[in-house]
Amino acid sequence: MADLDAAKGDDGKAIEEYRLAIESKPSLPNLHYGLGHLLWKDLKVSEARQELEAELALNPQHAAALNDLGNTYLMEHRPEKGLPYLARALAADPHNSEITS
């Protein structure tokens with residue numbers, strides 16, 4: 001349901017759905033990423049980082065989570081923290097044109 005709500009542009013509802021799903025099955029792939037991505041989109045940086053890091057604990061090669069996490073640091077003008085995540089994202093998915101290089 002969270003993905004559907006996000007696709008409809010109802011980020012608030014999607015965030016609620018992701019949180020409920022995570023409570024139920026915290027180790028299910030992509031739940032933390034989905035929540036983290038929406039939180040990042042809403043500029044809730046510290047909450048987004050927590051969820052993106054949780055996704056990376058489950059899948060260290062999750063290119064989109066690496067990309068989003070790296071970009072949170074670039075937004076704060078902290079390339080020394082962000083660029084390693086972006087490099088890992090590019091290595092994990094070298095053909096993805098959406099990954100910041």
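The values are calculated or read from the model by the stated rules, or taken from the named source; none is laboratory data. The shown structure was predicted, so the numbers you read here are calculated from the model rather than taken from an experiment. Note that we place each Cβ from the backbone using ideal geometry, even for glycine, and neighbour counts take in every protein chain shown. SASA here: full protein model, heavy atoms, side chains in, ligands and nucleic acids out. Shrake-Rupley method; radii C 1.70, N 1.55, O 1.52, S 1.80 Å.
Identify all lysines with a Cα-Cα distance to Lys13 below 22 Å; exclude those on the same chain that are fewer than 8 residues away in sequence.
Lys25, Lys41, Lys44
Filter the GluC sites (Glu not before Pro) in the stretch 52-101 down to the DSSP loop ones having no more than 16 other Cβ atoms within 10 Å, then list what survives.
Counting only loop positions with at most 16 other Cβ atoms within 10 Å, the GluC sites (Glu not before Pro) in the stretch 52-101 are Glu76, Glu98.
Counting Lys and Arg as +1 and Asp and Glu as -1, what is the net charge of the other residues whose Cβ lies under 14 Å from the Cβ of Leu90?
Taking every Cβ under 14 Å from that of Leu90, the sum is -2.
Ignoring ligands and nucleic acids, what accessible area does Lys81 show with a 1.4 Å probe (Å², nearest 10)?
Rounded to the nearest 10, that gives 80 Å².
So, counting K/R as plus one and D/E as minus one, what does the shell of residues with Cβ under 12 Å around Ala63 add up to?
Local net charge: -3.
With the full set of protein chains in place, find how many percent of the accessible area of the stretch 23-101 is carbon and sulfur; take the probe as 1.4 Å.
53 percent
Among Ile15, Gly34, Ser97, which residue has its Cα furthest toward the positive end of the charge dipole of the chain, with +1 on Lys/Arg Cβ and -1 on Asp/Glu Cβ?
It is Ser97.
Which angle from 0 to 90°, rounded to the nearest 10, does the C-alpha axis of helix 45-58 make with the longest principal axis of the chain?
The angle comes out at about 90 degrees.
How many Å² of accessible area per residue for the stretch 21-80, probe 1.4 Å?
Each residue of the stretch 21-80 exposes 52 Å² on average to a 1.4 Å probe.
At 222 nm, what value in deg cm²/dmol follows for the chain if DSSP H runs of at least 4 each add -39500 (n - 2.57) and the sum is divided by all its residues, to the nearest 500?
Result for the chain: -22000 deg cm²/dmol, rounded to the nearest 500.
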